[in-house]
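Take a look at the structure set out below.
The values are calculated or read from the model by the stated rules, or taken from the named source; none is laboratory data. As the structure is a prediction and not an experimental result, all values here were calculated from the model. FYI the Cβ positions are ideal-geometry reconstructions off the backbone, even for glycines, and counts take in every protein chain you see.
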């Protein structure tokens, strides 16, 4: 079976929503959803409410390189926090540390990954010198809160993260197509399409291909299990088919706040829509 990037994210979101720690925190606890399109799907699965997924993102990778989302400063699309299942949004990014300070064991921080390596380790790209939302990682772990890391298998790279993380950095990069970034390992529970299908149907999924003719992050999976498990997986994926493609707009360079980027503020004539 083959899934588009948006269908993959929907499947991963359903897998995250099925986790027992998530269900417990929805009843009594805190779930913080860092900004990403994957977490927008997770928000929808947890609340039953739709949001503009394209706007619920921070860093993005475009054909021009590493960039930030046009909606990064939009106060209506700051980080979602669910308290006992009731969603609220931060009024500004500075409130994040206040909520992290209130976390306790059993609470959950969900941070999607940009990179998955052959061993199953995950990492995120960071373009902010303060670490952005995941700059709170030490505090989150110190609180004994859970870190859950959703990521699609299409983001797998051929080398171990420990080997490649020193090959990039916000500081020390001579030139970059877009923002220079660092690679931050994420020591949490990793949920891909494979785990999602296992949790939801009991079937084993094996990735046999990624990308499509246009180079998009399509994933093709072979499903292994009992006839009932395979049928359940088939029905689940077919119910997801047709998920709308997400089109994220990058921030215009002329008003971009990313001071580390070579392009920041340089394209004065670039239109701001």
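Can you list the strands (runs of 3 or more DSSP E) found entirely within the range 9-93 that contain at least 1 residues being touching a helix residue (DSSP H, G or I) at 6+ places or on another chain (Cβ under 6 Å) and more than 20 Å from residue 243 (Cβ to Cβ)? Show your work before the answer.
Numbers: elements: 30-33, 59-62, 65-68, 80-83, 86-89.
Of the strands (runs of 3 or more DSSP E) lying wholly inside the range 9-93, those with at least 1 residues that are touching a helix residue (DSSP H, G or I) at 6+ places or on another chain (Cβ under 6 Å) and more than 20 Å from residue 243 (Cβ to Cβ) span 30-33, 80-83, 86-89.
Residues in the range 149-161 that are surrounded by fewer than 22 Cβ atoms within 10 Å (Cβ to Cβ) and outside any helix (DSSP H, G or I): 156, 157, 158, 159, 160.
Checking each residue in the range 144-170 for being touching a helix residue (DSSP H, G or I) at 6+ places or on another chain (Cβ under 7 Å) and closer than 20 Å to residue 104 by Cβ picks out 146, 147, 148. The residues of the range 235-255 that are in contact with a helix residue (DSSP H, G or I) (Cβ under 9 Å, 6 or more places away or on another chain), surrounded by fewer than 15 Cβ atoms within 10 Å (Cβ to Cβ) and in a helix (DSSP H, G or I) amount to a single one, 235. For the range 98-113, the set of residues classified as within 20 Å of the chain's Cα centre (by Cα) and either part of a strand (DSSP E or B) or surrounded by fewer than 12 Cβ atoms within 10 Å (Cβ to Cβ) (or both) consists of 108, 109, 110, listed by residue number. Among the numbered criteria (1) surrounded by fewer than 19 Cβ atoms within 10 Å (Cβ to Cβ); (2) modelled with pLDDT of 90 or more; (3) closer than 30 Å to residue 84 by Cβ, which one does residue 145 miss? That leaves (1) as the condition not met. Exactly one residue out of 200, 221 is assigned to a strand (DSSP E or B) and closer than 17 Å to residue 152 by Cα: that is 221.
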